[in-house]
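Presented below is the structure to which this report refers.
All of the numbers you see were taken from the coordinates with simple rules; none came from a lab. Fair warning: this is a prediction, and the values are worked out from it, not measured in the lab. Backbone-built Cβ (ideal geometry, glycine too); neighbour counts: all protein chains shown.
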Amino acid sequence: MEQMHTNIGKKRAMSVISLLYFLLMLLLAVLSFFYTVEIPQKAACCLVLILISGGALAAMLYSRRQVLTKICSVLLLPVLLPTVLLCFGEWELIVPLVVTALLAFFLCGCTETVKTVFGTIFLLLYVLGSLAYFLGISLFSTSMTTNLMESGIAPSRKYRYEVVNTEDSSNGSTVVTVEPNDLDINLGVMEFRAEGYERTVSLERPMQSETTIRWETQTRQQITEELLAISQDVTVRLSDGDKKMLGYDENATIYLRNLTDQDLERLGVPQNNDVLYVNDKVCFRSYIAILEDYFSPSNHTISAFK
């Protein structure tokens, strides 16, 4: 009797491991939607996933009669669908996870009727989901050809830029974009690159054969003086929360000349700021990006068709 209770306790513990693996796959699906998955060390990533998935599969098989394990084993396949589609081509990531999900589903403790019903549903889900996804990609894709000409990171390492040449029927264009560099997730064998925060800071038509990029570090006071030298009527778009913090009405127009250096510090502007020059012309100041919250989550654009 005591041994039976011990075995039940072990099986329940293994079912918790099944739940943890299921939640890990759910997290991966969410990250795949919001980030671009990059695998710099493909062999190492594949090995790590095989070990993790193999351990989880062993736990699921040992506790396959537990209700929690049955639920996790059945739901693994639909949870993996976003990862399979959004990371299509990254076979080192997809193959170990899909093989584990299939084995867990067919070897779980559910009845054959349940497996047949859900298996049919999941098969249709994969077929129709894949068809809709790749059809969407073909519909939203354009005939333009884009080439990444240059990329780099700001001195503070908080921002990165890209220079992209686009060939089209209108003699093409050269675009310089800036995005945050501190929102990525690096797991060693796998990286999640934040997407959807790109801000175009320079657009030139026709396409430029050469673009000169230069970063400088300027103090808060320097940038304030430069902006006020251009115009005393420079306005700053602050959030309602920032206006309230400084004692302004929500509908008030905020002029830079009315903000003290202490106010700027309270608003999060650091002493040293990154300034990007494109062909010797200022196109981006982290000073302004912080004040106007360029890269806030509310400005984040999401696209499943990457």
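Projecting the alpha carbon convex hull of the chain along each direction and taking the average yields 22.9 nm².
Exposed loop sites, defined as chymotrypsin sites (Phe, Trp or Tyr not before Pro) outside DSSP H, G, I, E and B with at most 16 other Cβ atoms within 10 Å, are absent from the longest region of the chain, namely 89-247.
Loop-located GluC sites (Glu not before Pro) in the stretch 182-219 (DSSP state other than H, G, I, E, B) with a sparse environment of at most 12 neighbouring Cβ atoms within 10 Å: GLU210. Helix 112-140: angle to the longest alpha-carbon principal axis of the chain, degrees 0 to 90, nearest 10? Helix 112-140 sits at roughly 20 degrees to that axis. Based on the Cβ-Cβ distance from ARG257 to ASP184, what FRET efficiency comes out when R0 is 30 Å, to the nearest 0.05? For ARG257 and ASP184, the calculated efficiency is 0.20.
For a straight C-alpha distance cut-off of 18 angstrom, the aspartates and glutamates reachable from LYS281 (same-chain residues fewer than eight places away being disregarded) are GLU150, GLU162, GLU204, GLU210, GLU216, GLU225, GLU226.
Normalised size of the stretch 148-254, defined as Cα radius of gyration per 2.2 N^0.38 Å with N residues, equals 1.41. Checking every one of the trypsin sites (Lys or Arg not before Pro) in the stretch 204-273 against DSSP loop status and a limit of 14 other Cβ atoms within 10 Å picks out ARG237.
The rule of thumb for compact globular proteins, 2.2 N^0.38 Å, goes into the C-alpha radius of gyration of the stretch 1-122 1.12 times. Annotation for the stretch 4-72 versus the stretch 202-232: alpha-carbon center distance of 50 Å. Full extension of the chain between VAL234 and THR301 yields a length gain of 21.3 nm, computed as 0.36 nm times the residue separation minus the alpha carbon distance.
Taking label points 7 Å from Cα along the Cα-to-Cβ direction, LEU203 and VAL16 give a separation of 5.5 nm. Taking the alpha carbon gyration tensor of the stretch 154-206, multiplying each eigenvalue by 5 and rooting it gives semi-axes of 27, 13, 8 Å, largest first. Counting only residues at least eight positions apart within a chain, or on another chain, the aspartates and glutamates with an alpha carbon under 15 Å from that of LYS70 are GLU112. Given R0 = 22 Å, the distance between the Cβ atoms of LEU124 and LEU27 translates into a calculated FRET efficiency of 0.30. Legend: translational diffusion of the stretch 196-244 by Stokes-Einstein, Rh = Kirkwood radius over C-alpha pairs, 20 °C, 1.002 mPa s; D = 144 µm²/s.
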